[in-house]
Amino acid sequence: MNRMHVKQLAPPPLDHAGQSGPIAVELSDASVTFGRGDRAVPALSTTSLRIADGDFLALVGPSGCGKSTILRLVGGLVRPSTGVVVVGGREVAAKALRIGMAFQNPTMLPWMTIEQNVLLPLKIVEPFRSEFRQKRRNAFRDKAHALLDQVGLGGFGPRYPWQLSGGMLQRANLYRALIHEPRLLLLDEPFGALDQFTREELWSTLQTLWVTHRPTVLLVTHDLREAGFLANRICVMSARPGRVIDDSSVPFQRPRTIQMTFEADFVALNQRLRDLIVNARSAGTPEGGHGPA
């Protein structure tokens with residue numbers, strides 16, 4: 001297949017460790033075990049991982065390998081059993097960075113309009129909360145409208161969540177995660193519940209968002225095409241209790257297109273990732289079963 005002729009935007013230069021610039025996220029010998037004694041379930045083996053400021057890293061691996069556990073560690077939703085998690089130069093409990101999150105199911109409040117849902121972080125996160133109270137609501141509404149326009153949701157602000165399709169809700173969910181200008185964006189299977197065509201459309205939307213705003217992004221996904229399309233780096237994890245067994249950069253220039261995902265180099269990347277995951281599943285213990293993702 002002929003290569004697409006598109007304007008290319010190279011990812012930031014990477015060193016031999018797959019990182020560039022200041023470090024936004026660092027796990028140092030972090031592990032997680034849920035429960036105690038006979039009921040203890042090891043979810044994450046001792047893991048060290050660095051993510052550079054402004055980088056886009058995807059975590060892939062077998063179900064239950066600890067991908068979402070790493071994301072929750074970084075977001076401060078889970079505490080490490082051992083080791084340290086540093087975000088923005090401080091331990092994660094210090095909340096050194098503004099964080100945006102988006103999950104597989106858009107968590108829109110059904111009694112609020114789409115506009116009100118998108119504006120919600122500005123009512124909670126400083127310094128926006130103070131500014132919101134100081135009669136700057138119109139300015140924030142204008143910002144929300146501009147963001148919704150960018151993803152084809154112009155005019156849908158007054159609608160309620162139940163009046164929108166799943167794809168439209170996930171678009172609004174992404175922008176709600178970005179409206180308070182986070183430096184770190186955590187995405188846990190954000191497109192997993194959508195059909196293939198809507199999912200691919202939103203890949204392009206997220207790519208544009210990242211190129212425009214350049215937050216640090218940690219994406220958990222089971223979709224290898226999604227990882228290759230979106231990320232600058234892909235880490236493959238072993239079966240539970242998970243650990244990173246492969247960490248490599250994605251060589252494709254930006255902007256990436258859906259057509260590129262069918263070219264030989266991209267297919268070869270997917271096959272390599274798939275082989276690593278199949279081998280990781282085979283090496284897992286029989287009692288591994290299904291645990292935290």
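A few notes on this one:
- Projected label distance in nm at ASN138 and GLN196, using a 7 Å step from Cα toward the beta-carbon: 4.9 nm
- The candidates ARG36, ARG225, ARG233, ARG90, arranged from most to least accessible area with a 1.4 Å probe in the full protein assembly, appear as ARG36, ARG90, ARG225, ARG233.
- Estimated at 0.36 nm per residue, the fully extended path between TYR160 and THR212 surpasses their Cα-Cα distance by 15.9 nm.
- A crude spin-label estimate for the pair ILE124 and ARG39, with each label 7 Å from Cα along the Cβ direction, gives 2.9 nm.
- Placing unit charges on each Cβ (+1 for Lys and Arg, -1 for Asp and Glu) gives the stretch 191-264 a dipole about its Cα centre, and among GLN253, PRO241, GLY228 the Cα reaching farthest toward its positive end belongs to PRO241.
- A 1.4 Å probe run over the protein chains yields, for the stretch 164-280, 34 Å² of accessible area per residue, whole-number rounding.
- Placing pseudo-labels 7 Å out from each Cα toward the beta carbon at ARG90 and GLN271 gives an inter-label distance of 4.9 nm.
The values are calculated or read from the model by the stated rules, or taken from the named source; none is laboratory data. Being a predicted model, the structure only gives us computed values, none of them experimental. Backbone-built Cβ (ideal geometry, glycine too); neighbour counts: all protein chains shown. Ligands, DNA and RNA are stripped out before the accessible areas are found, and what is left, the full protein with its side chains, is counted by its heavy atoms. Shrake-Rupley method; radii C 1.70, N 1.55, O 1.52, S 1.80 Å.
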